[in-house]
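Each remark here refers to the structure printed beneath this line.
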Amino acid sequence: MTRIGQAMMLLHGGDREEARNRFGVIWDQLGPEGDPLHRCTLAHYMADAQDDPDTELAWDLRALTAAGALDEERLGRHDSAVALRALYPSLHLNLAADYVKLARLDAARIHLDRARAAAVCLDDDGYGNGVRAAIERLELRLRDRPA
């Protein structure tokens, strides 16, 4: 997680290429049987580092798949059940935004509905309020667009 955090700092600092490179190395080291929490986190941020909307969608789908692979035992070892539930609204919101970029509005609406439903678990804090605001903004963008 430390190395993922370091690559995230590069991403947020504007060095998308180096962030992608580092995320890619970590992803290869995790492998398909790697810790699903780490895979979910990594894929979630790797998606943000992409320039191509199809590639971004592929990484966001990997993040959602990895999140679904976490079981209670695995979550208990990471003490992350609450954090994972709080991640689902963002995972679905990202997928909705990906589908909007790809003009797949029906799929976007499905994931936006899932993001809104999952957002009930979010705290009334900066993260929760930010995700809810992003959901509202995307809803407004989709409201006037035909299916």
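The values are calculated or read from the model by the stated rules, or taken from the named source; none is laboratory data. Quick caveat: nothing in here was measured; it's all calculated off a predicted structure. Methodologically, a virtual Cβ is constructed for each residue, glycine included, from the backbone with ideal geometry; neighbour enumeration extends over all protein chains shown. When the accessible area is computed, the model is the full protein with side chains, heavy atoms only, and any ligands, DNA or RNA have been set aside. Shrake-Rupley method; radii C 1.70, N 1.55, O 1.52, S 1.80 Å.
Could you tell me how many of the residues in the stretch 18-38 are out of contact with any Ser or Thr (no Cβ under 9 Å at 6 or more places or on another chain) and either surrounded by fewer than 12 Cβ atoms within 10 Å (Cβ to Cβ) or hydrophobic (A, V, I, L, M, F, W, C) (or both)?
Count: 11.
Just the residues that are surrounded by fewer than 20 Cβ atoms within 10 Å (Cβ to Cβ) and among the hydrophobic types (A, V, I, L, M, F, W, C), please, taken from the stretch 96-105. Give the derivation first.
To start, the set of residues in the stretch 96-105 that are surrounded by fewer than 20 Cβ atoms within 10 Å (Cβ to Cβ) comprises 101-105.
Listed by number, the residues that qualify are 102, 103, 105.
Does residue 118 satisfy the criteria of being open to solvent by 70 Å² or more (accessible area, probe 1.4 Å) and modelled with pLDDT of 90 or more? Outline the logic, then answer.
Numbers: open to solvent by 70 Å² or more (accessible area, probe 1.4 Å): no; modelled with pLDDT of 90 or more: yes.
No: the conditions fail for residue 118.
Report, ordered by the first and then the second residue, all pairs with beta carbons closer than 8 Å, sequence separation of six or more or different chains, a first member in the stretch 1-17 that is free of Cβ contacts under 8 Å to residues at least 12 places away in the same chain, and a second member that is part of a helix (DSSP H, G or I) and open to solvent by 70 Å² or more (accessible area, probe 1.4 Å).
none
Name the pairs whose Cβ atoms lie under 8 Å apart, with the first residue in the stretch 126-138 and in a helix (DSSP H, G or I), the second among the basic types (Lys, Arg), and 6 or more positions between them or separate chains?
That search, which allows pairs on different chains as well, returns 135/116.
Here's a check for you: in the stretch 18-58, which residue that is in contact (Cβ under 8 Å) with a residue 12 or more places away in the chain and acidic (Asp, Glu) is farthest from residue 96 (Cα to Cα)? If you could, list the steps in order and put the result at the bottom.
Applying the first criterion (in contact (Cβ under 8 Å) with a residue 12 or more places away in the chain) to the stretch 18-58 yields 19-20, 22-24, 26-27, 30, 35-51, 53-54, 56-57.
Right, trim to acidic (Asp, Glu) and you get 35, 48, 51, 54, 56.
Details: 35: 25, 48: 14, 51: 17, 54: 13, 56: 12 Å.
Among residues in the stretch 18-58 that are in contact (Cβ under 8 Å) with a residue 12 or more places away in the chain and acidic (Asp, Glu), the one farthest from residue 96 (Cα to Cα) is 35.
With respect to residue 108, is the statement that it is open to solvent by less than 70 Å² (accessible area, probe 1.4 Å), in contact with a Phe, Trp or Tyr (Cβ under 9 Å, 6 or more places away or on another chain) and either on the phi < 0 side of the Ramachandran plot or assigned to a loop (DSSP other than H, G, I, E, B) (or both) true? Don't jump to the end; show me each part of the working.
Numbers: open to solvent by less than 70 Å² (accessible area, probe 1.4 Å): yes; in contact with a Phe, Trp or Tyr (Cβ under 9 Å, 6 or more places away or on another chain): yes; either on the phi < 0 side of the Ramachandran plot or assigned to a loop (DSSP other than H, G, I, E, B) (or both): yes.
So residue 108 passes the test.
Which of the following residues is β-branched (Val, Ile, Thr), modelled with pLDDT under 90 and out of contact with any strand residue (DSSP E or B) (no Cβ under 6 Å at 6 or more places or on another chain): 131, 100, 82?
Working: 131 fails: modelled with pLDDT under 90; 100 fails: modelled with pLDDT under 90.
Only one candidate qualifies: 82.
Yes or no: residue 93 over 28 Å from residue 35 (Cβ atoms), under 16 Å from the mean Cα position of the chain (by Cα) and crowded, with 18+ Cβ neighbours inside 10 Å? If you could, list the steps in order and put the result at the bottom.
Values: over 28 Å from residue 35 (Cβ atoms): no; under 16 Å from the mean Cα position of the chain (by Cα): yes; crowded, with 18+ Cβ neighbours inside 10 Å: yes.
So residue 93 fails the test.
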